[in-house]
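Shown next, in C-alpha cells, is the structure this report addresses.
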Amino acid sequence: FYSLGCNEHSKYKSSNNESLKLDDLIEFKQNLKKLSNNKKFKTIFFLDPECPMCISYSIYINDIYEKFKNNIDFIIIYPSKLNSMEKIKNFEKKYKLNIPSIVDSNLIITNYLDARITPECFLVDTSFKILYSGLINDWAKDLGKTGPITNKYLEKSIENILSSKKIDIKKTNAIGCIIQKDFY
C-alpha cells in the first residue's frame, strides 16, 4: 500500500480549508498506480483500524469487493497520520482485507471527498465525481446499535451504475468513528 503525505510546500496541500482543484487531484492520483485506472468507477472506503465499526464492517467490505472487483476499482483510505503502518498491516491481515490501500496522512483525498466518518464509502466516476456516499448498508442503525440489513446502499449503487441505471439514493449519513481533522 502507499503512504500519501505532503509537506508544507506541496502544491497539493490546501490552505484555509480550500478544496483541492480537480486537476490537482487528478495529477496527484496519476502518481499512484492504485488509483490510475481512469476507465473504471471507483469505490473508496475510509477506514480506521481502531474503529469498532470498521472492524465489524470488514466482512461486508470483503463481500462487496469480491462481488465487484472485476468491474470497479476498490481502494481503502486510512485518513490519519496517527496510525502506524504496522497497525494498518495487522488490521488488513487479521480481517483479510486484500483491497489496495493508501494512508492519506495529510487528508488530501479525505478533504477532497469530504469524508468525515469511518467507515464511510464513496462511489465515484472516472472524474472523481461522487455518485454515492455514506453507509455501506443499513446494518448499523446508530452507534452501538445494529439490526437486519434492509438496504444495501453501496451494492445497489454499484449495480445501478454497472447496468447504466440511475442511483436512487445518492447520500446517506455514515455511522461510526469521526475522522479527526483538527490535528492537521
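The values are calculated or read from the model by the stated rules, or taken from the named source; none is laboratory data. Treat the numbers as computed from the prediction; the structure is a model and nothing was measured. Note that we place each Cβ from the backbone using ideal geometry, even for glycine, and neighbour counts take in every protein chain shown. Areas reflect the complete protein model, heavy atoms only, side chains present, ligands, DNA and RNA absent. Shrake-Rupley method; radii C 1.70, N 1.55, O 1.52, S 1.80 Å.
Within the stretch 71-104, work out how many residues are out of contact with any strand residue (DSSP E or B) (no Cβ under 6 Å at 6 or more places or on another chain) and over 21 Å from Phe41 (Cα atoms).
The qualifying residues number 16.
When you look at Phe46, is it within 13 Å of the chain's Cα centre (by Cα), at negative phi and hydrophobic (A, V, I, L, M, F, W, C), yes or no?
So Phe46 passes the test.
Restricting to the stretch 127-163, give me the number of residues that are out of contact with any helix residue (DSSP H, G or I) (no Cβ under 8 Å at 6 or more places or on another chain), small (Gly, Ala, Ser) and either at pLDDT below 95 or open to solvent by less than 40 Å² (accessible area, probe 1.4 Å) (or both).
Within the stretch 127-163, residues that are out of contact with any helix residue (DSSP H, G or I) (no Cβ under 8 Å at 6 or more places or on another chain), small (Gly, Ala, Ser) and either at pLDDT below 95 or open to solvent by less than 40 Å² (accessible area, probe 1.4 Å) (or both) number 3.
Looking only at residues that are under 19 Å from Tyr60 (Cα atoms) and among the acidic types (Asp, Glu) in the stretch 84-126, which one is surrounded by the most Cβ atoms within 10 Å (Cβ to Cβ)?
That would be Glu120.
Per-residue answers, yes or no, for (1) part of a loop (DSSP other than H, G, I, E, B); (2) without any contact (Cβ under 8 Å) to a residue 60 or more places away in the chain:
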{"site": "Phe122", "(1), (2)": "no, no"}
{"site": "Thr126", "(1), (2)": "yes, no"}
{"site": "Tyr132", "(1), (2)": "no, yes"}
{"site": "Asn151", "(1), (2)": "yes, yes"}
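Would you mention how many residues in the stretch 108-120 are part of a loop (DSSP other than H, G, I, E, B) and not hydrophobic (A, V, I, L, M, F, W, C)?
Of the residues in the stretch 108-120, 3 are part of a loop (DSSP other than H, G, I, E, B) and not hydrophobic (A, V, I, L, M, F, W, C).
Residue by residue through the stretch 37-83, note down the ones that are in a loop (DSSP other than H, G, I, E, B), polar (S, T, N, Q) and surrounded by fewer than 18 Cβ atoms within 10 Å (Cβ to Cβ).
Asn37, Asn38, Asn70, Asn71, Asn83
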